[in-house]
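*Asks:* Sharing a structure below in structure tokens format, with a few things to ask.
The values are calculated or read from the model by the stated rules, or taken from the named source; none is laboratory data. Everything numeric in this text was worked out from a predicted model, so none of it was measured. Cβ placement follows ideal geometry from the backbone for every residue including glycine, while neighbour counts extend to all protein chains displayed.
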Amino acid sequence: MSKRAESPAIPAGIPVPGGREELESLLGAFIARQPWARSELGPNARRGLRTTVVDQVVLRAGRPGLASVVVDAGEPAKSRFQVLLGWRAVSDAAGSELSPGSVIGTGADAEGEVVLYDAVDDGELALELLSVATGASRSARRCRVVHSLTSHASLVFDERLFMKCYRVIEPRPRPEIEMLLALDRVGFNHLLAPVGRWARKSGDLGLVREFLPGAVEGKALALTSLRDLLARAVTGEDAPTFGALGMAGGDLGDEMRRLGETTAEMHLALAEAFGVSHEGPLPRLRRHGDYHLRRVMRFESGWLVAGFGDDPLVSDEAGSSSQGEAKRGFALEDVADLLVSLTQVAAEAVDLQPPTTVAHSRQLASGWVAHNARALLNGYFACPGIAELVSLERAAAAAFLEERVSPRVAGLGLDVKAQ
């Protein structure tokens, strides 16, 4: 893991059209058009959004140029955003592949008029961002952008490194960065290893980690298993039970057992990294907090935990920018989240079945969830040390999980119980 990277200060002025006030006006109009800003600001994201520059650093002088500009936005200013500002000569910009939506406006540097734009759209400048975020310890030859509506721009370098450039800046250290660095520090290696953290006093600006193109998302594995199982769904009263069909083809039980082991190892590592508190009958620890099948990936070496914490734009706290304090709770709450995810994926697969086989598909899917839930818990509780951390016997743990899972899956039409 490289050291925390601070933006290098370059003794060159950022080209602004007439001064700071005009730049703020341009950035306000640009930010108001962006989906990530509208999700954050809600009705305040409108034309003429008021912004105030609070932090700006030139990362590359000359042409093309690059700067990181952090602004506070809204009235009153309640949100903080980063704009990665690029500029090129007007003639160069006209011949480039910049999308119209990335253009911010025009300005002037010492050589004349320039076009200002979102630098994420410029492959040459995106490569510069990798060097900045890793303290010049990493470089790449190619970059591609992964488009999404999340609070960050996603960049993949040479299909081996992945960078989040945060657009929505949180007022506290990013929980996902805290989790990733702490787990890496205590030797938990079931994760995409951190490579670089980019930050200034204004907040966390970016994160670089490994990228493994061969890894398969947990949800994709589950849907493959369900597709194999539900292809055997039939009509009629003599339809075979899950017990007769469930172990065929795409059985996921062994993988769920391994995922249970990995989950337990994660909890033990979190306890080591952040400590355990005893505020009641059960110990509390820093937990994952958003643990589901899209947060885990299967690679050739085993399961990886690929994400920590909700994105502020798509979580239950969307629109509030920060997740607030770190999520602490009982270790089994993460396990409950994973069991809910298993059930939701099964219900999603049943919804895709033809009406004639829905009844049998639902029966098979219920068996599939129960089978994989048992395998998950078997793997979890087989991990040395986890029983002491959970502080519950297996039967009591099952009751704990039932209490937290059942209300969340009640409307899915699947009858499942994990023992």
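*Asks:* Inside segment 361-416, can you point out the residues that are touching an Asp or Glu at 6+ places or on another chain (Cβ under 7 Å) and in a loop (DSSP other than H, G, I, E, B)?
*Replies:* Correct list: ALA382, CYS383.
*Asks:* Would you mind telling me which numbered condition in (1) touching a residue at least 40 places away in the same chain (Cβ under 8 Å); (2) surrounded by 18 or more Cβ atoms within 10 Å (Cβ to Cβ) ASP204 fails?
*Replies:* (1)
*Asks:* A follow-up question, please. When residues of segment 95-115 are filtered for being farther than 25 Å from VAL156 by Cβ, touching a strand residue (DSSP E or B) at 6+ places or on another chain (Cβ under 8 Å) and hydrophobic (A, V, I, L, M, F, W, C), how many remain?
*Replies:* 3
*Asks:* Given the criterion part of a helix (DSSP H, G or I), modelled with pLDDT under 90 and surrounded by fewer than 20 Cβ atoms within 10 Å (Cβ to Cβ), identify the matching residue among GLU22, GLU75.
*Replies:* GLU22
*Asks:* Hey, another quick one. Name the one entry in LEU252, LEU268, LEU304, LEU230 that is at pLDDT 90 or above and touching a strand residue (DSSP E or B) at 6+ places or on another chain (Cβ under 7 Å).
*Replies:* LEU304
*Asks:* Can you name every residue in segment 249-296 that is without any contact (Cβ under 8 Å) to a residue 24 or more places away in the chain and closer than 21 Å to PHE400 by Cβ?
*Replies:* Correct list: HIS278, GLU279, GLY280.
*Asks:* While we're on this one: Among all residue pairs at least 6 apart or on different chains, which show Cβ distances below 7 Å where the first residue, located in segment 115-137, is free of Cβ contacts under 8 Å to residues at least 12 places away in the same chain and the second is surrounded by fewer than 24 Cβ atoms within 10 Å (Cβ to Cβ) and among the polar types (S, T, N, Q)?
*Replies:* What qualifies is SER131/SER139.
*Asks:* Still on this model: What pairs come up if the first residue lies in segment 220-241 and is assigned by TED's automatic domain parsing to the domain that holds ASP351, the second is among the basic types (Lys, Arg), and their beta carbons are under 8 Å apart, counting only those six or more places apart or on different chains?
*Replies:* LEU221/ARG298; PRO240/ARG232
*Asks:* Give segment 223-238 a look and list any residue that's among the hydrophobic types (A, V, I, L, M, F, W, C) and under 26 Å from the mean Cα position of the chain (by Cα), or say none.
*Replies:* LEU223, LEU226
*Asks:* Same structure again: Picking from GLY214, GLY196, which residue would you name as being at negative phi and either within 16 Å of the chain's Cα centre (by Cα) or in a strand (DSSP E or B) (or both)?
*Replies:* GLY196
*Asks:* Suppose we keep only residues that are part of a helix (DSSP H, G or I) and of a type in the set (D, E, K, R) within segment 239-281. Which one would you say is farthest from the chain's Cα centre (by Cα)?
*Replies:* ASP254
*Asks:* Which one of the conditions (1) modelled with pLDDT under 90; (2) exposed (fewer than 15 other Cβ atoms within 10 Å of the Cβ) does HIS152 fail to meet, given that it meets all the rest?
*Replies:* Only one criterion in (1) modelled with pLDDT under 90; (2) exposed (fewer than 15 other Cβ atoms within 10 Å of the Cβ) is unmet by HIS152, namely (2).
*Asks:* Another question, if that's okay. Return yes or no: is LEU161 under 30 Å from ALA29 (Cβ atoms), at pLDDT 95 or above and buried (at least 20 other Cβ atoms within 10 Å of the Cβ)?
*Replies:* no
*Asks:* Given the residues GLY86, GLY74, which is the only one that is small (Gly, Ala, Ser) and farther than 22 Å from SER154 by Cβ?
*Replies:* From the options GLY86, GLY74, the qualifying one is GLY74.
*Asks:* Taking into account only those residues within segment 210-243 that are of a type in the set (Gly, Ala, Ser) and exposed (fewer than 12 other Cβ atoms within 10 Å of the Cβ), which is farthest from LEU192 (Cα to Cα)?
*Replies:* GLY236
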